[in-house]
1. Most fluctuating residue of THR196, THR100, THR48 in a GNM of the chain with Cα springs under 10 Å: which is it?
2. Within the stretch 1-38, which trypsin sites (Lys or Arg not before Pro) sit in a loop by DSSP and count at most 15 neighbouring Cβ atoms inside 10 Å?
3. Filter the GluC sites (Glu not before Pro) in the stretch 94-173 down to the DSSP loop ones having no more than 15 other Cβ atoms within 10 Å, then list what survives.
4. At a Cα cut-off below 19 Å, give the lysines reachable from LYS92, other chains included and same-chain residues fewer than 8 away excluded.
5. Leaving out ligands, DNA and RNA, and with a 1.4 Å probe, what % of the accessible surface on the chain is carbon or sulfur?
6. Straight-line reach only, C-alpha to C-alpha below 22 angstrom: list the lysines that LYS57 could link to, leaving out same-chain residues fewer than 8 apart.
7. From largest accessible area down, sort HIS83, HIS119, HIS157; use a 1.4 Å probe on the protein chains.
8. Starting from the amide H of LEU96, placed 1.01 Å from N in the peptide plane, find each other amide H under 5 Å away whose residue is 5 or more places distant or on another chain.
Amino acid sequence: MNFDLTMLTQLRQARDVVVFTGAGVSQESGIPTFRDAMTGMWERFDPTDLATPDAFKRQPDVVWGWYESRRVIVLRCQPNPAHHAIAAMQTKVPRLTLITQNVDDLHERSGSIGVIHLHGSLHHPRCLACARPHMLPPELPELAPEGQPIKPPRCTHCGGTVRPGVVWFGEPLTDDDWGPAKQAIRSCDALLSIGTSSVVYPAAVLPFEAAERGAGVVQINPQPTDLDAVARYNLHGKAGELLPQLVQALWPSSP
Ligand code: BV8
Ligand code: ZN
């Protein structure tokens, strides 16, 4: 792809870059995006209904089974060239803050460090009662291909019910994540928004705030989103294809 030369110059000169990712960055790894149609026993559910405290209270086995099926899919997938390109960028840019809405660990498995998980993680469940982290067994559960309800485990410390370590709809983001994310937006010269539909708040506000401050916002997404209107550059394509080309164009010598 021939990238806009001004965009390349601005990205090369940027000292403080935020990379903001959504489910689209993991799509080419084989992980369904959040708004992809659900399959198997989950197809009758809307993710935004299942990803709530109320759903877990009403049907903990269905919700825990859904998260376990997603965790198993993630652990069977590998990072794709988009994840690797972002990790390569982090070695080139003086300061790169990676903020993700994703609950998978593919950024970490491709070498990115200091990842801010605004919506938590599939891999760090915790006790509903005492909030202690719960260690999942290393071997993957044998699940029915279409998915199945699974009784959530019990906390080994207090016997409470273990819940997924994600931020559900209606739950606040934790200050430990939201604080540093807002700080990164206040100081960045450029922001790359990659693979997000820009509809989930308050996370979705971050690229808009960066644009408002005059930071150069580059969006990578095959589809248009609300962010198209304020992004300085909209690259309509797949992250796994465009990002490696962008990194190569920015730093031609990179391995
Ligand atoms: C809260 C964890 C308040 C769980 C998730 C205004 C302000 C504040 C809140 C709200 C507001 N308006 C509405 C709300 C409520 C709500 C909300 O935003 N609802 C939406 C549906 C309208 N927000 C909340 O509830 C938040 N909490 O505000 O609390 C509060 C304060 C004090 C006290 C009490 C309460 C919490 C939101 C967090 C929800 N949890 N995830 C789980 O994963 O199960 S959100 C979920 O959506 C995922 O994390 C996902 O990452 C995220 C965003 O979706 P995307 O990542 O963008 O994924 P999506 O599928 O939508 O899009 C994929 C994109 O990729 C597409 O555009 C596609 O074109 C593109 N793509 C596809 N393939 C590729 C690609 N791009 C590049 N390359 C490809 N190959
Ligand atoms: Zn406990």
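The values are calculated or read from the model by the stated rules, or taken from the named source; none is laboratory data. Note that this is a predicted model, so its numbers are computed, not measured. Virtual Cβ from ideal backbone geometry, glycine too; neighbours counted across all protein chains shown. Heavy atoms of the whole protein, side chains included, go into the accessibility calculation; ligands, DNA and RNA do not. Shrake-Rupley method; radii C 1.70, N 1.55, O 1.52, S 1.80 Å.
1. Ranking THR196, THR100, THR48 by mean-square fluctuation puts THR48 first.
2. Numbers: sites: ARG12, ARG15, ARG35; in loops: ARG15, ARG35.
Passing both the DSSP loop test and the Cβ count: ARG15, ARG35.
3. Values: sites: GLU108, GLU139, GLU142, GLU146; in loops: GLU139, GLU142, GLU146.
For GluC sites (Glu not before Pro) across the stretch 94-173 that sit outside H, G, I, E and B with at most 15 neighbouring Cβ atoms in 10 Å, the list reads GLU139, GLU142, GLU146.
4. none
5. Details: 6560 of 12100 Å².
The C+S portion of the solvent-accessible surface of the chain is 54 percent.
6. In chain and number order, the partners are LYS151.
7. Working: HIS83 0, HIS119 25, HIS157 115 Å².
Ranking HIS83, HIS119, HIS157 by accessible area, largest first, yields HIS157, HIS119, HIS83.
8. Sorted by chain and number, the residues that satisfy this are VAL17.
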